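Asks: What follows is a structure written as structure tokens; I'll ask about it next.
The values are calculated or read from the model by the stated rules, or taken from the named source; none is laboratory data. Keep in mind that what you see is a predicted model, and the values were worked out from it rather than measured. Ideal geometry is used to build each Cβ from the backbone, glycine not excepted, and the neighbour counts take in all protein chains shown. Ligands, DNA and RNA are stripped out before the accessible areas are found, and what is left, the full protein with its side chains, is counted by its heavy atoms. Shrake-Rupley method; radii C 1.70, N 1.55, O 1.52, S 1.80 Å.
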Amino acid sequence: MPSAGNYLDVALFSVLPYVALFTFLLVTIERYRGQAFTYSSLSSQFLENQQHFYGLVPFHYGILTVLTGHVVAFFLPAGLLWWNDHPARLYVLEAAGLIFGLLTLVGLLAIATRRLNVPRIREVTSVTDWIVLGLLLMQVASGVYVALVYPWGSSWFAAIVAPYLWSLLELAPNLGAIAPLPLAVKLHITNAYLLILFFPFTRLVHVLVVPNPYLWRRPQVVRWYRRAPSPARHG
Amino acid sequence: MDVRSQIAMVFHLDKCIGCHTCSIACKNIWTDRRGAEYMWWNNVETKPGCGYPTRWEDQQSYRGGWEVADGNLRLKSTSKARIVANIFHHPSLPTLDDYYEPWTYDYQELFNAPEGPDQPTAKPISMVTGKYIDIEAGPNWDDDLGGSPVYAENDPNLAGLTEEQRAQLSAVERLVFFYFPRICNHCLNPSCVAACPSGALYKRGEDGIVLLDQNRCRGWRACVPACPYKKTYYNWSTGKSEKCILCFPRLETGQAPACFHSCVGRIRYLGVLLYDAARIHEVALSSDEELVDAHRSLILDPHDPAVIEAARRNGIHESVLESAQKSPVYRFVKIWKIALPPHIEYRTLPMLFYVPPMSPVMGQQTGGVVEHVSGDLFHDIDASRVPMKFLANLFGAGHEGKVRYALRKQKAVRWYRRALTVGDVEMGVAERMLREADCSSEEAEAIYRLTSLCTFDDRFVIPPMHREEAIEMLEDPLEHKQGVGFGFLQGPRRGL
Ligand code: HEM
Ligand code: SF4
């Protein structure tokens, strides 16, 4: 007989991820098709320029680095384990992870303080903004906590979490390795699913429209209504 | 030769009375909305003055426009490499305080204030936060404040003027100012377009109007610092940037843009220019001194059979060619050469040209009397109250030659007409002036007519835009029969 704890594990680690992912895909696509106008960074730098720098910049550099770390660990777990074979390399990686995690946390706190304290910014703050900030705060704080309390996460992520995530993708969730993980780690994972679930309903969709064509397009853009675009000759 | 057509404009500064009717017409139609209250797609500035946003011409801090580096043209504010650094926090983005905090008044105060010794006042309320505010700036805060230490003295165009020239601008009882109405210049080499990471900004191929696709804009706000004229604006409520659209829905139905239509001074002219798009890059690389001429050389003669042939090959409609041949802008800019681009040194190649103002130039006070006649015919222009260098900083990339040419010609036209109608100037003198100003009497007559006696149809030669054809290429009109229109069917709601 599975215990109540087991049922919870099943709900959180083999049902929630599918619900989250499915919602994410369906809603982002629908939102993009029906309401392209709502895709925006919703920047508030125009209203407040100083605190903006100390929040948005560390937060983004931090989160993007940490997220990249997670993605690499997910795709190349073996590579990561190979890298960590050397204690020196392991320390460097762990320290870097912690530093960028803390950077994210500091930035996030600055963002939240700014939203709370600057009257002009409060005008452009919605309930969903607070949900996003709350979830992110929970995510980053639990991540930093795990990094501090359960070290060598880069190794055990590759060894335990990556296989679990792959098992989800293969539609055969394997909770065996996940079940005994500490509560803080479970919180971090569950909260990540919640973030994915809420993602398409919030401003976070700006992450999906990062402008990569800019890097290779011609500087000038001309739209013709009556003929095919001619190659621009300048710029 | 890659012939394209452009709806271009001329503002005749001598005629602007600074009434702001143009700004109000635009505001009422386009920017009377939440998040857009602070925007003035059309604004009128007093020069010398700081303008709107404050000191927008100071590219040291705003970093707008292009610069030439190692023979290459590059944006001052951003680049493909700098996008990562700029996207989270743009270092040269102007903020609301550089424009002004828009406000309304608490009119209830007028009725509800308790009885007292003073008249009640309507207290100003911020249109951003809804709280009471002290008004510290407005979109035309320096209106008519020529000579003022706070505003006029901080005009970036005073750079390079001697102490003496500066003093001359604000001498007691002789101070001088003129008006400078501004809209988007719908440039040939727009830096806003080049800076947009999302490719949301574009130039319309058929008429050159620069637009910002609201559905593609993602609020990376790179266009705002990039435009050296500060004519793209960030809507803090929708999280999208916006700009002057040259009233294209009006143009498409044969009407002049609202600011043009409503202009009290009738200073505004609009018409088609044909230009050679293949040479834009080369022209934008010219040295400061050559820029005005190089820019003018892009504009093609609409009567030249070779140009017409090339234009037809490029699919430019006959009716547009006809319109280009009647364009008042072509005459002011290319034939008469008395209309000049503003701050051509920003290298965006603006398609709005200004006839530099004569009035502050002409009056030379001697003993309190404004003097108009002098032995040395053009002497007044260089000894005028507004230093030529100041006008050159605005309209000649710092070089006085083109500005002096435009002013001399205008002055010669006036003297010539004066000789004809008032008779206090000898015709011989007037004719000598015309000769020296590189102007024939026919040309003088034509300039006089288009400046003073112009009708609505003389000022605005609007080409048929053939949007019906364009739309038919994208959509089947029959499919939309009895529908609600073609375009944007959801309201512009802020995302969550
Ligand atoms: C992929 C590249 C990304 C880019 C280019 C980007 C860009 C931006 C920009 C321009 C803003 C608006 C800042 C402003 O107010 O001016 C913003 C806000 C924000 N971004 Fe990102 N972002 C990226 C990735 C992320 C990621 C991965 C996350 C988190 C998962 C994230 C979370 C946020 C949040 C929460 C805000 C709102 C901050 C606030 O409340 O003011 N972004 N982002
Ligand atoms: S309406 Fe015409 S005259 Fe009046 S301020 Fe505007 S441009 Fe000048």
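Asks: Using label points projected 7 Å from each Cα along Cα→Cβ, tell me how many nm separate B:T455 and A:I99, to one decimal.
Replies: Label at B:T455, label at A:I99, 7.6 nm between them.
Asks: Non-local amide H neighbours of B:V355 (under 5 Å, H modeled in plane, Pro and chain starts lacking H): which ones?
Replies: HN-HN under 5 Å from B:V355: B:F11, B:H12, B:L13, B:L340.
Asks: At 7 Å along Cα-to-Cβ for each site, give me the label-to-label distance between B:E309 and B:V150 in nm.
Replies: With each label point 7 Å from Cα toward Cβ, the separation is 6.3 nm.
Asks: Compute the relative contact order of region B:265-459 as a whole-number percentage, counting only Cα pairs closer than 8 Å that sit 6 or more residues apart in sequence.
Replies: Details: 242 pairs, mean separation 34.9, N = 195.
Reported relative contact order: 18 percent.
Asks: Let me ask you something else. Size of region B:1-121 along its principal axes in angstrom, Cα-based, largest extent first?
Replies: Dimensions of region B:1-121 along the principal axes of its Cα atoms: 71, 41, 29 Å.
Asks: Counting other Cβ atoms within 10 Å of each Cβ, which GluC sites (Glu not before Pro) in region B:108-152 have at most 13 and sit in a DSSP loop?
Replies: In loop regions of region B:108-152 (DSSP not H, G, I, E or B), the sparsely surrounded GluC sites (Glu not before Pro) are B:E115, B:E136.
Asks: If you don't mind, another one. Once you list every other residue whose beta carbon is under 15 Å from the beta carbon of A:T28, what net charge do they have if Lys and Arg are +1 and Asp and Glu are -1?
Replies: Values: positive: A:R31, A:R33, A:R203, B:R218; negative: A:E30.
Taking every other residue near A:T28 into account, the sum is +3.
Asks: Now a separate question. How much of the accessible area of region B:272-328, in percent, comes from carbon and sulfur atoms when a 1.4 Å probe is used? Could the numbers behind the result be given before it?
Replies: On the way: 1120 of 2310 Å².
Solvent-exposed carbon and sulfur of region B:272-328 make up 48 percent of the total.
Asks: Moving on to the next point. In percent, how large is the relative contact order of chain B, given Cα pairs closer than 8 Å and 6 or more residues apart?
Replies: 21 percent
Asks: For B:S92, what charge total do you get from the other residues with a beta carbon under 15 Å from its beta carbon, if Lys and Arg give +1 and Asp and Glu give -1?
Replies: Surrounding charge for B:S92 is +2.
Asks: Okay, next question. Contact order normalised by length for chain A, with contacts defined as Cα pairs under 8 Å and 6 or more residues apart; what percent is it? Provide the component values of the computation, followed by the final result.
Replies: On the way: 199 pairs, mean separation 71.3, N = 235.
With pairs under 8 Å counted, the relative contact order is 30 percent.
Asks: To the nearest 100 Å², how much accessible surface do chains B and A hide from each other in total, with a 1.4 Å probe?
Replies: Roughly 5900 Å².
Asks: Can you pull the mean other chain C-beta count within 10 Å for peptide A:43-55?
Replies: 6
Asks: Something else now. Tell me which residues come under 5 Å, amide H to amide H, from B:K240 once H is placed; ignore anything under 5 positions away on its chain.
Replies: B:N235
Asks: Okay, next question. Give the long-range amide H neighbours of B:I125: residues separated by 5 or more places, or on another chain, with amide H under 5 Å away, using H modelled in the peptide plane at 1.01 Å from N.
Replies: Amide H neighbours of B:I125: B:T104, B:Y105, B:D106, B:I133.
Asks: Ok, one more. Nothing charged except the Cβ atoms of Lys and Arg (+1) and of Asp and Glu (-1): what's the magnitude of the dipole of region B:1-78 about its Cα centre? Round to the nearest 20 debye.
Replies: 200 debye
Asks: Which FRET efficiency value, to the nearest 0.05, do you get for B:E472 and B:K326 by plugging their Cβ-Cβ distance into 1/(1 + (r/R0)^6) with R0 = 25 Å? Can you show the working numbers first?
Replies: On the way: r = 27 Å, r/R0 = 1.09.
FRET efficiency, B:E472 to B:K326: 0.35.
Asks: Counting only helical runs of four or more DSSP H residues, what would the 222 nm mean residue ellipticity of the protein assembly as shown come to if each run contributes -39,500 (n - 2.57) and the total is spread over all its residues?
Replies: Result for the protein assembly as shown, helices only: -12000 deg cm²/dmol.
Asks: Using the alpha-carbon centroid of each, what span in Å lies between region A:18-80 and region B:242-310?
Replies: For region A:18-80 versus region B:242-310, the Cα centre distance is 42 Å.
Asks: Spelling out what I want: for every residue of region B:139-154, take phi, set θ = phi - 60°, compute 6.51 cos²θ - 1.76 cosθ + 1.60 (Karplus), and round to whole Hz; glycine and proline get x.
Replies: x, 10, 5, 9, 3, 6, 8, x, x, 7, x, 6, 9, 4, 5, 9
Asks: In sequence order, what are the phi-derived ³J(HN,Hα) couplings for region A:149-156 according to the Karplus relation 6.51 cos²θ - 1.76 cosθ + 1.60 with θ = phi - 60°, rounded to whole Hz, with x for glycine and proline?
Replies: 8, 10, x, 6, x, 4, 7, 6
Asks: 7 Å from Cα along Cα→Cβ at both A:V71 and B:Q165: what's the point-to-point distance in nm?
Replies: 5.4 nm
Asks: For chain B, what does the alpha-carbon gyration tensor say about shape, rounded, prolate or oblate, given a ≥ b ≥ c as the root eigenvalues, a/c under 1.5 as rounded, and a/b over b/c as prolate?
Replies: Oblate.
Asks: Given R₀ = 30 Å, FRET efficiency for B:Y105-A:T113 by Cβ-Cβ distance, to 0.05?
Replies: 0.40
Asks: Compute the Kirkwood hydrodynamic radius of region B:162-214, taking the inverse of the mean of 1/r over all pairs of distinct Cα atoms, and give it in Å to one decimal.
Replies: 14.5 Å
Asks: Still on this structure, please answer the following. Rg to Rh ratio, region B:265-459, alpha-carbon atoms and Kirkwood radius?
Replies: Using Cα coordinates only, the ratio equals 1.00.
Asks: Continuing with the same structure: Taking only protein heavy atoms into account and a 1.4 Å probe, give the accessible area per residue of region B:265-459 in Å².
Replies: Accessible area per residue: 38 Å².
Asks: Quick one: angle between helix A:50-75 and the longest Cα principal axis of chain A, in degrees between 0 and 90, rounded to 10, please.
Replies: 50 degrees
Asks: Take the residue pairs B:K27/B:K231; B:K15/B:K203; B:K334/B:K411; B:K326/B:K411; B:K203/B:K243 and return only those whose Cα atoms are more than 21 Å apart.
Replies: Over 21 Å apart, Cα to Cα: B:K15/B:K203; B:K326/B:K411.
Asks: Step through the residues of region B:89-99 one at a time and calculate ³J(HN,Hα) from phi using the Karplus curve (6.51 cos²θ - 1.76 cosθ + 1.60, θ = phi - 60°), rounding each to whole Hz and writing x for Gly and Pro.
Replies: Once θ is set to phi - 60°, the couplings for region B:89-99 become 8, 7, x, 10, 6, x, 10, 3, 5, 6, 8 Hz.
Asks: At R0 = 22 Å, how high is the FRET efficiency between B:S79 and A:L64 if r is their beta carbon distance? Nearest 0.05 is fine.
Replies: My answer for the efficiency is 0.65.
Asks: With Cβ to Cβ distances under 13 Å as the rule, what net charge do the other residues near B:M427 carry (K, R +1; D, E -1)?
Replies: Taking every other residue near B:M427 into account, the sum is +1.
Asks: Taking the Cα centre of each part, how many Å lie between region B:6-30 and region B:151-170?
Replies: 26 Å
Asks: What whole-number value in cubic angstrom gives the convex hull volume per residue for the C-alpha atoms of the protein assembly as shown?
Replies: Numbers: hull volume 170.0 nm³, N = 731.
Here the figure is 233 Å³ per residue.
Asks: For region A:158-230, what does the alpha-carbon gyration tensor say about shape, rounded, prolate or oblate, given a ≥ b ≥ c as the root eigenvalues, a/c under 1.5 as rounded, and a/b over b/c as prolate?
Replies: Prolate shape, in that a/c is at least 1.5 and a/b is the bigger ratio.
Asks: Going by a ≥ b ≥ c, the root eigenvalues of the Cα gyration tensor, does chain A fall in the rounded group (a/c under 1.5), the prolate group (a/b larger than b/c) or the oblate group?
Replies: Prolate is the answer for chain A, as a/c is 1.5 or above and a/b outweighs b/c.
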